[in-house]
Amino acid sequence: MSIHIRGVSKSFGTFKALDNVSLDVPQGTLLALLGPSGSGKTTLLRIIAGLEWPDSGRIEEDGEDITDRHARQREVGFVFQHYALFRHMSVFENIAFGLRVRKAPKQEVEAKVNELLHLVRLDGLGARKPAQLSGGQRQRVALARALAIRPKILLLDEPFGALDAKVRVELRQWLRRLHDEIGMTSVFVTHDQEEAFELADEVVVMNHGRIEQRGTPEEVFEHPATPFVMDFLGNVNVFHGRVEKGQAFWHGIPIDYPDYPHSQARPARVYLRPHELDIARAAAEQPGGNAATAAAVTGSLPASVLRIARSGAISRVSCRPDGSDTELHVDLPTDTARDLSLQPGERVTITPRKVRVFLPDPEYVI
Ligand code: ADP
Ligand code: MG
């Protein structure tokens, strides 16, 4: 089943939690809603679920308007971080709950629950109470309970958010396999970029109740549409530069920027990811002052090394580009850094392999 969200807005008092959001979720997709806390992810998910109603706009299911239908009439399954299991019920009864409410025959309930226990790899644990399970097992029970009613769409709101990192990684890989196995349409909410990228076919980045960008993980990461997306995806060097006549200038280095052909210069921000920068020891300056040597490398920037920090396989070299007050971080494989053996105070040249330029938008002034 495909879901179409059309121009949905929702306010709480004067606060606009969703601002004219439109989104298609094609049949069979696993879509991640990714954004910081308060960006409207849960509100959007609850509106898709039929637990919350939009002020304007509508929700369609295979072309049919279902905006006014309550959750019970929508055939949705949900797993929320705090959508706790019934503590006094066994695992079996928790999973059976939706089927019993729908008055399914006893034998059918039994067969279905056992099938689900097997699917979520909890065979033989049906008699346990939730308190006798680990956090990861409990969330798998919550998932089995959501799947019991054979939902057409599965909605997950930070389902693994309360679990420790190792279990979280295992469960997300397992969820991905499960999604493919049962051919479900799923929407997964998370504020964790890595989780979204690993799990999802497509990522929708949200900010202030709006969609900033939608695309495959690769598209979003390689071609962030806005400064917000770039920042949110983290770990980036930001510099102030300018654009003019089809070029952006960063510390005097020209970068092709055909999107701005105008002759009137405008300030711009230049984004550089630490792992997309090359660093090399600067050629020694000639006595008597042939100071142009370092800058002669086309498109590279002279800088001084401030410090080197190692964290496992990656080393981070912090530098200060000449004429700048802002530090520039370069990430290198630790082996490469060791071979280069840079020392604080040394002169280097930094060459970006990839540069992204954004013209300032009043919303994103930093
Ligand atoms: P997210 O899931 O991305 O963290 P939410 O959708 O939960 O964001 O919330 C978006 C904004 O709407 C938040 O600022 C939150 O405080 C507000 N909000 C959400 N639900 C309610 C509500 N029932 N009453 C008042 N404000 C709410
Ligand atoms: Mg939320």
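The values are calculated or read from the model by the stated rules, or taken from the named source; none is laboratory data. All of these numbers come straight from a predicted model, not from anything done at the bench. Because the Cβ atoms are built from the backbone with ideal geometry, glycine has one as well, and the counts that use them run over all protein chains shown. Remember, those area values only see protein heavy atoms, side chains included, never the ligands or the DNA or RNA. Shrake-Rupley method; radii C 1.70, N 1.55, O 1.52, S 1.80 Å.
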Please give the number of the condition Phe78 fails out of (1) away from ligand 2 (no atom under 16 Å from the Cβ); (2) touching a helix residue (DSSP H, G or I) at 6+ places or on another chain (Cβ under 7 Å).
(1)
Name the helices (runs of 4 or more DSSP H) wholly inside segment 86-170 in which the number of residues that are among the acidic types (Asp, Glu) is 2 or more.
106-119
Of all residues in segment 148-162 being within 21 Å of Val109 (Cβ to Cβ) and open to solvent by 10 Å² or more (accessible area, probe 1.4 Å), which is nearest to ligand 1 (Cβ to nearest atom)?
Pro151
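For (1) more than 23 Å from Asp331 (Cβ to Cβ); (2) outside the structural domain of Thr326 (by TED's automatic domain parsing), each residue gets a yes or a no:
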{"position": "Phe221", "(1), (2)": "no, yes"}
{"position": "Val243", "(1), (2)": "yes, no"}
{"position": "Pro254", "(1), (2)": "yes, no"}
{"position": "Pro258", "(1), (2)": "yes, no"}
{"position": "Pro267", "(1), (2)": "yes, no"}
{"position": "Arg273", "(1), (2)": "no, no"}
{"position": "Ala280", "(1), (2)": "no, no"}
Give me a count of the residues in segment 41-56 that are of a type outside the set (A, V, I, L, M), part of a loop (DSSP other than H, G, I, E, B) and open to solvent by 10 Å² or more (accessible area, probe 1.4 Å).
4
Hits in segment 175-224 - residues which are buried (at least 20 other Cβ atoms within 10 Å of the Cβ) and of a type in the set (Phe, Trp, Tyr)
Phe188
Test: residue in segment 95-115 that is open to solvent by less than 40 Å² (accessible area, probe 1.4 Å) and within 16 Å of ligand 1 (Cβ to nearest atom):
no
Test result for Arg177, more than 16 Å from ligand 2 (Cβ to nearest atom), without any contact (Cβ under 8 Å) to a residue 12 or more places away in the chain and out of contact with any Cys (no Cβ under 9 Å at 6 or more places or on another chain)
yes
Taking Gly28 as meeting all but one of (1) within 25 Å of Asp192 (Cβ to Cβ); (2) buried (at least 20 other Cβ atoms within 10 Å of the Cβ), write down the number of the exception.
(2)
Every pair of residues 6+ apart whose Cβ atoms lie under 9 Å, when the first sits in segment 31-44 and is at pLDDT 95 or above and charged (D, E, K, R) while the second is within 9 Å of ligand 2 (Cβ to nearest atom) and open to solvent by 10 Å² or more (accessible area, probe 1.4 Å):
Lys41/Asp157; Lys41/Glu158; Lys41/His191
On the basis of being at pLDDT below 95 and away from ligand 1 (no atom under 16 Å from the Cβ), does Glu52 make the cut?
no
Any idea which of (1) touching an Asp or Glu at 6+ places or on another chain (Cβ under 6 Å); (2) farther than 30 Å from Val120 by Cα; (3) buried (at least 22 other Cβ atoms within 10 Å of the Cβ); (4) of a type outside the set (Phe, Trp, Tyr) is the one Ala265 doesn't satisfy?
(3)
Taking segment 57-94 and keeping only residues that are among the small types (Gly, Ala, Ser) and open to solvent by 60 Å² or more (accessible area, probe 1.4 Å), one is left with Ala84
